[in-house]
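Only one structure is covered here, and it is reproduced in the block below.
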Amino acid sequence: MIRSIVFWNEPYGLEEGDAVLFLGETRELALAPDAACVHLSMDGARIVAPAAKETLLTQAVATFFARELLALIRRCAEHRAASHDFPYRKIALTRAQGRWGSCSAKNALNFSLMLAGAPVETIDYVVVHELVHTRIKNHSPAFWMHVGSIMPDYKTHKRTLRTLATRRFSPRTTR
């Protein structure tokens, strides 16, 4: 059973052996019964968590994914902003389900927690997309030309996001 963390608002909890989608890869949830506190780590294709009640485990995994996603987005934004002189103000994660990211009139960037299931390169595309909005506040041909000049394969990442969005409504798929 594959359960994507992008669905962590769902009413079910995670259990040992569940497969969760994180950064574009399916990872098995493994429990470490001797762990004393709720800290998660990545061990290759596994996410190792202490044994905990289902609710605490689900919250711990969601918190871990949010922390890792935010760190990745910040690294991507810092790199891209430095390379292309984009003037963003701050970065935040949201629970938005209707959009992957947004850029405010004051250049504050927001990114959906649903991105946790996307591959790293696709997350980088969303960061580039929102950074370009710090200069061009619409989706005009000039906007897409600017995105394409930074990331020529951006259309591939748009397709990946469309595929990921359809999974949002069907989180319980079999392997």
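The values are calculated or read from the model by the stated rules, or taken from the named source; none is laboratory data. Being a predicted model, the structure only gives us computed values, none of them experimental. Quick reminder, even Gly has a Cβ in these numbers, built from the backbone with ideal geometry, and neighbours come from all protein chains shown.
Is at least one residue of region 90-112 crowded, with 16+ Cβ neighbours inside 10 Å, in a helix (DSSP H, G or I) and modelled with pLDDT under 95? No, region 90-112 has no match at all.
Scanning region 145-170 for residues that are part of a helix (DSSP H, G or I), under 19 Å from SER83 (Cβ atoms) and not small (Gly, Ala, Ser) gives MET145, HIS146, VAL147, ILE150, TYR154, HIS157.
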